[in-house]
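A.B. asks: Mind looking over this structure? Questions follow.
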Amino acid sequence: MRTAAVASDRGSREAAVRLVLVSCAGLVLLTTVAMLAFLGHAGLKGIREVGLVPLLSGILWKPEADTYGGLPLIFGTFVSAGGAIVVGAVPAVLAALWTTELAPRSTRSAYRRTMEVAAAVPSVVYGWLALVYLVPQMEKVAHHVRGQGATGGEGLASAAVLLGIMIAPTVLLLSLDSLARVPSALRDASAALGASPWQTATRVILPGGWRGIVVAVFFGFARAAGETMAVQMVIGGARKLPENAFSPTTTISTQIVMDMQNARPGTPGSNVLFAMSLVLLVVSVIVVLGTRWLTRGGKTA
């Protein structure tokens with residue numbers, strides 16, 4: 001009798017825990033679906049009010065005149081995120097390769113811990129540091145490249161550099177995990193064939209972990225495309241296409257932040273902001289699907 005009572009009590013506890021877990025999973029799914037449904041409804045309403053072609057190809061964003069050309073926002077988002085990949089993601093992958101294969105063992109753990117701290121720094125801190133230190137230096141570079149008067153420190157180049165610095169720790173950590181999962185047998189086989197550590201790293205380990213590296217780079221791109229406060233501090237906030245790399249412009253997320261305080265719910269201005277949010281969501285979905293397509297056909301390293 002006592003054994004049966006204990007088993008019954010244990011079964012009841014397990015059922016309660018299972019119910020809590022299922023409820024949590026259902027709540028997360030429900031809130032996600034509700035958010036997507038609301039965003040889709042408001043966003044599609046904004047697209048119908050403005051028109052998809054004017055919204056995506058118009059070059060003038062002027063809410064006070066009911067003109068919503070989103071091309072400068074889209075251009076600034078993609079170019080700054082793409083620049084961040086060049087500035088931050090590529091060096092981060094190479095640094096991860098060095099850390100995993102070539103760095104002294106005594107420094108690997110300390111280096112990883114440092115990158116973990118860097119990845120946890122709030123974005124507004126990065127933005128403030130960039131505004132104080134990066135923007136003046138970029139202004140000097142702009143004057144050297146373009147001449148006096150026509151350019152400043154705030155602009156597309158500063159945003160790309162800042163985003164590159166911000167995503168580098170995250171890309172590096174994900175790349176470290178990917179490279180560490182490459183089977184040690186491949187390293188041993190390469191060494192047995194007489195390959196140097198550098199040859200093993202670049203010709204065996206890097207190709208062996210390419211799927212995880214692709215995921216890391218695309219994750220960095222997605223984060224850079226959605227970054228808001230830090231970019232707002234250094235990009236200049238000009239609602240136009242930039243004349244050059246040092247000209248101020250804007251992005252989707254930063255423009256949403258700047259316009260949301262004046263956009264009353266239910267108005268065309270508010271719906272258009274939801275439409276641009278929907279565009280950003282579609283970009284993120286395309287990035288995810290593209291990553292899955294590129295890395296399909298095998299186990300991700």
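The values are calculated or read from the model by the stated rules, or taken from the named source; none is laboratory data. Source: prediction; values computed, not measured. Positions of Cβ are generated from backbone atoms using ideal geometry, with glycine treated the same way; all protein chains shown enter the neighbour counts.
A.B. asks: I need the full set of residues from segment 278-301 which are in a helix (DSSP H, G or I) and among the basic types (Lys, Arg), in order please. Walk me through it before giving the result.
C.D. replies: Pass one, segment 278-301, residues in a helix (DSSP H, G or I): 278-294.
Answer for segment 278-301, where residues must be in a helix (DSSP H, G or I) and among the basic types (Lys, Arg): just ARG292.
A.B. asks: Can you list residue pairs whose Cβ atoms sit under 6 Å apart, with the first residue in segment 110-121 being of a type outside the set (Val, Ile, Thr) and the second being in a helix (DSSP H, G or I)? Count only pairs 6 or more apart in sequence or on different chains.
C.D. replies: TYR111/THR99; MET115/PRO169; MET115/LEU172; MET115/LEU173; ALA118/PRO169; ALA119/PRO169; ALA119/THR170
A.B. asks: Give the residues of segment 64-97 that are more than 23 Å from the chain's Cα centre (by Cα) and surrounded by fewer than 19 Cβ atoms within 10 Å (Cβ to Cβ), sorted by residue number. Steps first, answer last, please.
C.D. replies: If we filter segment 64-97 for residues that are more than 23 Å from the chain's Cα centre (by Cα), which is where we start, we get 64-69.
Of everything in segment 64-97, those that are more than 23 Å from the chain's Cα centre (by Cα) and surrounded by fewer than 19 Cβ atoms within 10 Å (Cβ to Cβ) turn out to be GLU64, ALA65, ASP66, THR67.
A.B. asks: For GLY209, all conditions in the list (1) over 30 Å from GLU139 (Cβ atoms); (2) crowded, with 22+ Cβ neighbours inside 10 Å; (3) under 20 Å from the mean Cα position of the chain (by Cα) hold save one; what is the number of the exception?
C.D. replies: Only one criterion is unmet by GLY209, namely (3).
A.B. asks: Looking only at segment 226-241, count every residue that is part of a helix (DSSP H, G or I) and surrounded by 22 or more Cβ atoms within 10 Å (Cβ to Cβ) and tell me the total.
C.D. replies: 4
A.B. asks: Quick check: is even one residue across segment 259-277 on the phi > 0 side of the Ramachandran plot and not in a loop (DSSP other than H, G, I, E, B)?
C.D. replies: no
A.B. asks: Read through the list (1) assigned to a loop (DSSP other than H, G, I, E, B); (2) farther than 19 Å from SER80 by Cβ, then give the number of the only condition that GLU154 fails.
C.D. replies: With respect to (1) assigned to a loop (DSSP other than H, G, I, E, B); (2) farther than 19 Å from SER80 by Cβ, GLU154 is out only on (2).
A.B. asks: Given (1) exposed (fewer than 13 other Cβ atoms within 10 Å of the Cβ); (2) within 23 Å of the chain's Cα centre (by Cα); (3) modelled with pLDDT under 90; (4) not β-branched (Val, Ile, Thr), identify the lone condition not met by SER109.
C.D. replies: Only one criterion in (1) exposed (fewer than 13 other Cβ atoms within 10 Å of the Cβ); (2) within 23 Å of the chain's Cα centre (by Cα); (3) modelled with pLDDT under 90; (4) not β-branched (Val, Ile, Thr) is unmet by SER109, namely (2).
A.B. asks: All but one of (1) exposed (fewer than 11 other Cβ atoms within 10 Å of the Cβ); (2) within 20 Å of VAL79 (Cα to Cα) hold for ARG296; which doesn't?
C.D. replies: Checking ARG296 against (1) exposed (fewer than 11 other Cβ atoms within 10 Å of the Cβ); (2) within 20 Å of VAL79 (Cα to Cα), the one that fails is (2).
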